[in-house]
Amino acid sequence: LQAVSGWLLSAVILVGVLFGSLLVGNLISLPILDALTERILTDLGEVLPSGRGLRRALLRSLVNQSCKLLIFGGIQLALLLLYVTPLAFLHPPISSFLGVLFLGFDYLDYPLDARQVPVPSRFAWLGRHLGATLGYGSVLFVLLLVPLLGTLLLPLTVAGAALLAHRIDSPERTG
């Protein structure tokens, strides 16, 4: 029993460290990626709300990232309940689908944040553009399978998300 509790504690600490490092990494890269996103959207002709300042941007990012992590983590924990039912075989595909969906949404969140869209409205945006989010998340999923490639190409992936969000929301779309 002591070995099992030690193992569980280690697993909980590992998950906490992973979530913490993701949060810290997002906070460190936030000013650069926000500036990149705002520059791209401005160059494309979008009029963005006035700047929020670094402190406010960091606080907003912390709240937004925590919200998204709690929602994603809560959904994944709820999916674990499938393992106590005969539907356990559904967990891997559903979990993978949601992982790809949230991966696409995590990157598409940068242009939505630059437009200062509230978090609930971001999820509504996700629902309206599910195909684009899944497509972008699928590309990112394959890209992130290569170790360190996601880190090296982070600015490119955020730029791609800004271009995709602009193309989706642009009133001059044709076809």
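Would you check which residues across the stretch 126-164 are touching a Gly at 6+ places or on another chain (Cβ under 8 Å), of a type in the set (Ser, Thr, Tyr) and without any contact (Cβ under 8 Å) to a residue 40 or more places away in the chain and list them?
Hits for the stretch 126-164 are Thr133, Tyr136, Ser138.
Any chance the stretch 63-82 includes a residue that's surrounded by 14 or more Cβ atoms within 10 Å (Cβ to Cβ), closer than 18 Å to Leu27 by Cα, hydrophobic (A, V, I, L, M, F, W, C) and touching a Phe, Trp or Tyr at 6+ places or on another chain (Cβ under 9 Å)?
yes
Those residues that are modelled with pLDDT of 85 or more and under 15 Å from Asp106 (Cβ atoms), I need them from the stretch 2-46; list them, please.
Leu33, Asp34, Thr37
From the residues in the stretch 1-47 that are touching a residue at least 24 places away in the same chain (Cβ under 8 Å) and among the charged types (D, E, K, R), which one is surrounded by the most Cβ atoms within 10 Å (Cβ to Cβ)? First the steps, then the outcome.
Going through the stretch 1-47, the residues touching a residue at least 24 places away in the same chain (Cβ under 8 Å) turn out to be 19, 22-23, 26-27, 29-34, 36-38, 40-41, 44, 46.
Add one more test, that the residue is among the charged types (D, E, K, R), and what stays is 34, 38, 46.
Numbers: Asp34: 21, Glu38: 19, Glu46: 17.
Checked the stretch 1-47; the qualifying residue surrounded by the most Cβ atoms within 10 Å (Cβ to Cβ) is Asp34.
Tally time: how many residues in the stretch 80-113 are under 30 Å from Val47 (Cβ atoms) and small (Gly, Ala, Ser)? Please lay out each step first, then the result.
In the first step, residues of the stretch 80-113 are kept if they are under 30 Å from Val47 (Cβ atoms); the result is 101-113.
Checking the rest, the ones that are also small (Gly, Ala, Ser) come to 104.
Count: 1.
Can you say whether Leu54 is more than 17 Å from Leu108 (Cα to Cα), free of Cβ contacts under 8 Å to residues at least 24 places away in the same chain and not aromatic (Phe, Trp, Tyr), as far as the supplied structure shows?
Details: more than 17 Å from Leu108 (Cα to Cα): yes; free of Cβ contacts under 8 Å to residues at least 24 places away in the same chain: yes; not aromatic (Phe, Trp, Tyr): yes.
When the stated conditions are applied, Leu54 passes them.
The values are calculated or read from the model by the stated rules, or taken from the named source; none is laboratory data. Not measured: the values here are computed from a predicted model. FYI the Cβ positions are ideal-geometry reconstructions off the backbone, even for glycines, and counts take in every protein chain you see.
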